[in-house]
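The values are calculated or read from the model by the stated rules, or taken from the named source; none is laboratory data. Note that this is a predicted model, so its numbers are computed, not measured. In this analysis, Cβ positions are derived from the backbone assuming ideal geometry, glycine residues included, and neighbour counts consider all displayed protein chains. Ligands, DNA and RNA are excluded from the accessible area calculation, which covers all protein heavy atoms including side chains. Shrake-Rupley method; radii C 1.70, N 1.55, O 1.52, S 1.80 Å.
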Amino acid sequence: MTAGAVLVINAGYEPMHRVSLQHAVKMLVRGVAVVEEAAVNEYFGPFPRPLVLRLLRYVQMRWIRKVPFSKAAVRARDGRCAYCPGPAETVDHIVPRSRGGRSTWLNLVGCCHSCNGLKADRTPEEAGMKLLVTPYIPNGLRSSQVAPTVRAVPC
């Protein structure tokens, strides 16, 4: 963290970004944020030196929630093989590419090399394999970043 950096959190308490101390004070003067946490016995003009600012209105953070699609991201999303308890060493197309399956969040799952070879160019049903994970489109927030689901009502 750089010296003087102030954390800005959304009205719903999700961390957003960091701003300079000067920018934080401008936000306080404009009335768009309040001091959520301040340094003890330190002041910046008439304001306590802010460490964390909370926005008064909720801001949609669509730009933060988008996760770039890649095979590595699919393996990270699933964390293990979709067909056995093994590691996700590669990815598997649920509907094979040779049958029109595309490389999308909902058609790819993490897979170990042996299960990928066993399934080959078939659907899981045809190969007699059961999917142990359900593919989904991740929202980009790691579980450690997810704040309580409390949402501020717009003023």
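Some notes on this structure:
- Loop-resident trypsin sites (Lys or Arg not before Pro) (DSSP state other than H, G, I, E or B) in segment 29-100 with no more than 15 further Cβ atoms inside 10 Å of their Cβ: R57, K66.
- In nm, spacing of pseudo-spin labels at A73 and T123 (7 Å Cα→C-beta vector): 2.7
- Sulfur and carbon atoms: percent of accessible area, segment 73-115 [1.4 Å]: 52
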